[in-house]
Amino acid sequence: MNSKPARLETVDALRGFALAGIVVAHMVEQFIGSPRHEGAWLVESNLFDQIVMGFTFIFVSGKFFSIFALLFGMSFALMMRSAELRGERFTGRFLWRLTILLIFGVAHSLIYRGDILTLYVLIGFILPLFYRWKDSWLWWLAGLLFLGLGRVIFLAVTGTHTLLDYENGPDSPEVLRYIQVLQQGSFVEVLQENLVHGFAAKFDFLFGVFGRAYTTLGYFLIGMWLVRSQVMANIANYKPRMKKFLWQMPLTAVLCGIVMGGLFSQFAQPIDFSHWGPALTIGFYDVANIALTVFLISAFILFYLRNPQGWVRYFASYGRMALTAYITQSVIGVLIFHGWGLGLLGKLHDWQTLALAFVVISGQMFACRWWLSKFRYGPLEWLWRCGTYMKFIPFRLSRDLIPAQDSAR
């Protein structure tokens, strides 16, 4: 008999799936956390590279980050509901838990600019404000955020599309300078670069016209609703609907892409996103991303439910050690690409970095399964839990529990 509720195993597996997608996105990007400047690339793109880039743009970029955000909202709701069942208040503990996560996030941001933990913490701090909202209010607010409410407010208030004093695009001299620091700089120089300039670029990407923070809050709210409405507790009952999503969502994404492409073709080139037309058109890209995210979630859950005890169960172990695995994959990535490590940034083809991603994913999945056969939590998860409750939490599994828990996984 399984030692954990099926809904938690499904959530853990989906989190592991999101982690795998994030590895692919970051590895193909070569852990730069910025647009790619062709002037810093030392290999010429070939057909296989173009196929990989097209695949990652359509099915990976922005999608697995979104799944992770959805799961963050679900985790919050699960913790709040569990505390309520025990007759406890968890809001203060949750905010303290986020404060500890912020420490992990800031440290992670210093080695890799593409960190998402700091964003989750900043948005997470306001999440308790929405916990008592009616379901209809959550959906309305999430819908408005998905359609670009944050972008509209930002552009109306600032009159521009960016918080930076330079264009953060693939042709930007500033982007080229930054990538060259990654290629040639020492470990300390990279830390200094990310400390001085990295957070400004991050906050622009999160809160500017392209603002990922706004859709992140939307995903948090929907994740919270999925738990509160008991959808995740009865996920198998929604298989017919998820099967419909397998064709409805790609069709929605294609239609949005056609409309977006048609509108962008009518704007003066190069496109100035400080104007309302181009800024609002980005909303079609967001909706296409959301549709493909729903497609990926549905496809994975349906696949998982077919045989949860098959090899796909390795995703559950992976997901249970999400914090450790997420930071570890970044450490591996920067060691491979940055100049103070192996220095391969700009020297590998995209098909090669995709192959590396699968090697890292496989290694992490097996390592996580082995670790959880010996320990209750991943190492960083354990530190986080001890800090949350301000006490020592047992770490190793008891000998009499190891066989039963291992077989359950």
Inset, instruction - Taking just the C-alpha trace of the range 302-408, give me its Rg and Dmax in Å. - result: 16.8, 50
Inset, instruction - Could you compute the FRET efficiency for residue 386 and residue 38, with r as their C-beta to C-beta distance and R0 at 35 Å, rounded to 0.05? - result: 0.15
Inset, instruction - Divide by every residue of the chain the summed helix terms, -39500 (n - 2.57) for each DSSP H run of at least 4, and state the resulting mean residue ellipticity at 222 nm, rounded to the nearest 500 deg cm²/dmol. - result: -22500 deg cm²/dmol
Inset, instruction - Go ahead and run the numbers for FRET between residue 91 and residue 153, Cβ-Cβ distance against an R0 of 25 Å, rounding to 0.05. - result: 0.40
Legend entry - Fewest-first sequence of 244, 63, 239 by Cβ atoms within 10 Å of each Cβ: 244, 239, 63
Inset, instruction - In nm, give the distance between the simple-model label positions of residue 134 and residue 396, each being 7 Å from the Cα along the Cα-to-Cβ direction. - result: 5.5
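Find, among the GluC sites (Glu not before Pro) in the range 1-98, those assigned to loop by DSSP (not H, G, I, E, B) with at most 13 other beta-carbon atoms within 10 angstrom. Display every interim value, and only then the final one.
Values: sites: 9, 29, 38, 44, 84, 88; in loops: 44, 88.
Passing both the DSSP loop test and the Cβ count: 44, 88.
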Inset, instruction - Run the quick spin-label model on residue 171 and residue 267: label points 7 Å from Cα toward the beta carbon, then report their separation in nm to one decimal. - result: 1.5
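Which entries in the list 202/243; 63/244; 63/239 go over 30 Å, if you measure between the two C-alpha atoms of each? Don't jump to the answer; show the numbers that get you there.
On the way: 202/243 37 Å; 63/244 19 Å; 63/239 21 Å.
Going by Cα-Cα distance, 202/243 fall outside the 30 Å limit.
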Legend entry - the chain: radius of gyration over Cα atoms, expressed as a fraction of 2.2 N^0.38 Å: 0.98
Inset, instruction - Please state, rounded to one decimal and in Å, the Kirkwood hydrodynamic radius that the range 261-350 gives when every pair of distinct Cα atoms enters the mean of 1/r. - result: 17.6
Inset, instruction - With +1 on each Lys and Arg Cβ and -1 on each Asp and Glu Cβ, and nothing else charged, work out how big the dipole of the range 6-408 is about its Cα centre, in Debye to the nearest 20. - result: 2040
Inset, instruction - List the relative contact order of the chain as a percent without decimals, with contacts defined as Cα pairs under 8 Å and 6+ residues apart. - result: 31
Legend entry - Virtual spin-label span in nm between residue 47 and residue 274, 7 Å along Cα→Cβ: 4.4
Legend entry - Nonlocal amide H pairs with residue 375, under 5 Å, H built at 1.01 Å: 397
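Throughout, read-outs are computed from the coordinates displayed, never taken from laboratory work. As the structure is a computational prediction, the values presented were derived from the model and not from experiment. Ideal geometry is used to build each Cβ from the backbone, glycine not excepted, and the neighbour counts take in all protein chains shown.
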